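Here the structure is laid out as structure tokens; the discussion comes afterwards.
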Amino acid sequence: MAGYIAHRLLWSIPTLIVITIATFVIIQLPPGDYVTAYIAELVETGEVIDAETAAHIRHEFGLDRPMYEQFLTWIGGILLHGDFGLSLDWKLPVSELIWDRIGLTLMISVLSLLMTWAIAIPIGVYSASRQYSFFDHLFTVLGFLGRGIPDFLLALVLMWMGFLYFNFHVGGLFSPEFENAPWSIAKFVDLLSHLWVPVLVLSTGGAAGLLRIMRANMLEELGKPYVETAYAQGLSERQVVWRYPVRVALNPFISTVGWALPALISGDVITAVVLNLPTTGPLLLRSLQNQDMYLAGGFILILSVFTIIGTLLSDILLVLTDPRIRHS
């Protein structure tokens, strides 16, 4: 196992190098640059910038240099000083922008992930153990509905219902009077009163999909000879189901750690925009729209690192939980 982990960590270095170069190149592939997008925004407001001013702005941000020089300056700052550069759009350090929002993003994402598993695992096990029962059919219908309704549509429905019937401000994570207030017990309570909406929205679709996967895996495992042998030895249904088939059926949940870990950082972008959440998703979207290459590149680099770490963790956890899997 130690050799396998060392091998994977060594291969992650060239993987990150390739991802970093590809990310930096792809961000700059669209016509124009940040200054072009900035000038287009000013034109919409009726303000005009001449070519000399545009060239001065490009020189100030270093956008007039060759792409390889921009890349080496950016990656050198990260490796030598931990500096992800300056956001062209916000005029603030990239690391400051990301870390300011990452706390709330992690809170929402972790709670959503835990709720997803808390819903999908027991319901999937129950549906498989009581195949074709009334509740199995009910959970099947609810699962298809949860999977078929987009998260952003569910968010819009909850916002409409909250405003119409309960006079409750659903958008955002704080009431208007607490948005810029310092942290206090009252602000934390206000956060909890708003937190249930994004958690419910984000966990619905994931729980519906994993529920179906859990049920299918459990049905496959429950029909195998080792389950009949366990029953023949006098074990109760609870002991048989939760000790053996569930352990194997959890493999898809463990394998999702590879993408769940970076998803904790990025969050659901569309839902965050609809609910006006101060998370990292809308910030990443805006950086891509405005060609803010240092902010977008910093985001994608962090997500790539977490993807590699998550994939390695999922492989290790699969070995620990499923004795049938071994790494040579």
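Miscellaneous remarks
- Principal-axis tilt of helix 67-81 within the chain, Cα atoms, nearest 10 degrees: 60
- Potential extension, VAL141-LEU153 segment - 0.36 nm per residue separation minus Cα distance: 2.5 nm
- Rounded accessible area per residue of region 166-246, 1.4 Å, Å²: 55
- Residues of region 96-119 with amide N under 19 Å of a point placed 7 Å along Cα→Cβ from TRP242: 115-119
- Principal-axis tilt of helix 134-148 within the chain, Cα atoms, nearest 10 degrees: 10
- Protein accessible area in region 143-220, 1.4 Å probe - carbon and sulfur %: 72
- The chain: angle of helix 151-165 to the longest principal axis, Cα-based, in degrees nearest 10: 90
- Taken about its Cα centre, region 55-122 carries a charge dipole of about 160 debye when Lys and Arg each add +1 at the Cβ and Asp and Glu each add -1 at the Cβ.
- Based on protein heavy atoms only, region 15-97 ends up with 62 Å² per residue of surface accessible to a 1.4 Å probe.
- In Hz, Karplus ³J(HN,Hα) per residue of region 173-180 (6.51, -1.76, 1.60; θ = phi - 60°; x = Gly, Pro): 10, 9, 5, x, 6, 10, 4, 10
- Shape call, region 127-208: gyration tensor on alpha carbons, a/c limit 1.5: prolate
- Options (1) 85, 59, 38; (2) 57, 49, 37; (3) 66, 50, 39 - which one matches Cα extents along the principal axes in Å as calculated here: (1)
The values are calculated or read from the model by the stated rules, or taken from the named source; none is laboratory data. Since we're looking at a predicted model, the values are computed, not measured. Glycine gets a Cβ as well: all are built from the backbone with ideal geometry, and neighbour counts include every protein chain shown. Side chains included, ligands, DNA and RNA excluded: accessible areas come from the protein's heavy atoms. Shrake-Rupley method; radii C 1.70, N 1.55, O 1.52, S 1.80 Å.
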